[in-house]
Every structure is written in structure tokens, then in C-alpha cells.
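Student: Pasting a structure below so you can have a look.
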Amino acid sequence: MNIYYGQYEFPIGKIFISATPAGLFNLALGRHDLALNFASLSRKSDFTFLHDQDRFEDLLVDLAGYFAGLPTEFNYPLDLRGASPFERSIWEKARQIPYGQVRSYKWMAAQIHNPKASKAVGRALGMNPLPIIIPCHRVIMHDMSLGGFSAGAGWKEKLLMQERGELRIL
């Protein structure tokens, strides 16, 4: 299967985006090594990688607005192949968290009627292939500490600060 990709420079850092014909497939924050991105994606399936910087033009406009502090809904088709039904349900709940707000892993577990599943929620969010699009950065620890994030705590903190208006990424 073909996977189309582009790597873009934003003031916050590099963003690698890929998509299949079915939809957005992966968004990696801060990775500078294309080979690492390809290796990570190749573990999921057998892909042919095709460079296509222009394919993501609409998404880039939305990301620029997001980084300028505009509440942005990313309504694009997603290709979540390989995700379990549990992961999909957690990611859908994360997409419902409003811009600028946070929820706890414990709150997320309660939303799926399994209040003891906080760690499973964290693992599912850690598998999120599309941070920002699926805003897993909006889920934090019950004690208000950040918790984990696929791109690292620094990215999570910047995204949350930016959404609260404490940081402008221009």
C-alpha cells in the first residue's frame, strides 16, 4: 500500500505527516530523522513511501491556525489500522475534550465505565499515532502533573500552554 508523507517545519519544531488513501495515518512531532519515521511505520505494515509535500496543504493551514492560538477541529479522515477497539474508543473520547481544557486519565477511565482502567487509558493514549489531531496531550494525571506523551513531556507542556494562551507559537 502507498503511504504519502511530508515533513514540515513549524516554529514549535518539525512535524512529520503521513497518510494512506484512506486517511491520515501518522503525525510525529520533533523527529528529525526520516529513516526513523519510516522504520516506525514499516513495523505496522508493508508500505511504499511516496514523498508528497503538497498532499497536506489543508492540514498545514489548520495546523498553522492551531499554533497561532485558534481553536481548531481537525475533521479529516483517519486511517487507524491496527488499533484495537479499546484504543479507538479512548482516542474518540480524547477527540471530544475541548480545546484549552484537560481531563485526567481517571476521568477518561470513568467515561468508558471502567474506573480502574487509568493505566490502560494511558497505554492507549501512548499508542496514539496522530497527536494534536487526536489531542492526547489534553489528558493529564489526576494530581495535575503532565503524565506521558509520545513526543516527550516538553512537547506536551508546550501544547497545553499554547492552548491556554500562555505561549504563542508564531
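Student: Report, ordered by the first and then the second residue, all pairs with beta carbons closer than 9 Å, sequence separation of six or more or different chains, a first member in the range 142-164 that is farther than 19 Å from Ala110 by Cα, and a second member that is of a type in the set (S, T, N, Q) and surrounded by 20 or more Cβ atoms within 10 Å (Cβ to Cβ).
Tutor: Note: pairs meeting the criteria are Ser150/Asn128.
Student: Considering Gly154, Gly122, which residue is outside any loop (DSSP other than H, G, I, E, B) and at pLDDT below 90? Quick ask: steps written out before the conclusion?
Tutor: Numbers: Gly122 fails: at pLDDT below 90.
After applying the criteria, what remains is Gly154.
Student: Look through the range 100-134, keep the residues that are without any contact (Cβ under 8 Å) to a residue 60 or more places away in the chain, in contact with a helix residue (DSSP H, G or I) (Cβ under 6 Å, 6 or more places away or on another chain) and of a type outside the set (A, V, I, L, M, F, W, C), and return whichever of them is farthest from Ile17 (Cα to Cα).
Tutor: Top of the filtered list is Pro115.
Student: Same structure, new question: Of the residues that sit in the range 42-100 and are in a loop (DSSP other than H, G, I, E, B) and among the acidic types (Asp, Glu), which one is farthest from Leu159 (Cα to Cα)? Reasoning before the result, please.
Tutor: Residues of the range 42-100 that are in a loop (DSSP other than H, G, I, E, B), as a first pass: 43-47, 52, 68-77, 79-84, 96-100.
From what's left, among the acidic types (Asp, Glu): 46, 52, 73, 79.
Values: Asp46: 32, Asp52: 26, Glu73: 15, Asp79: 23 Å.
The residue in question is Asp46.
Student: Report, ordered by the first and then the second residue, all pairs with beta carbons closer than 8 Å, sequence separation of six or more or different chains, a first member in the range 72-99 that is under 17 Å from Leu59 (Cβ atoms), and a second member that is surrounded by fewer than 16 Cβ atoms within 10 Å (Cβ to Cβ) and of a type in the set (A, V, I, L, M).
Tutor: Pairs that qualify, where the first residue is under 17 Å from Leu59 (Cβ atoms) and the partner is surrounded by fewer than 16 Cβ atoms within 10 Å (Cβ to Cβ) and of a type in the set (A, V, I, L, M), are Pro77/Ala22; Asp79/Ala22.
The values are calculated or read from the model by the stated rules, or taken from the named source; none is laboratory data. Here the structure is a predicted model, which is why all the values come from computation and not from measurement. For neighbour counting, all protein chains shown are included, and Cβ atoms are generated from backbone atoms with ideal geometry for every residue, glycine included.
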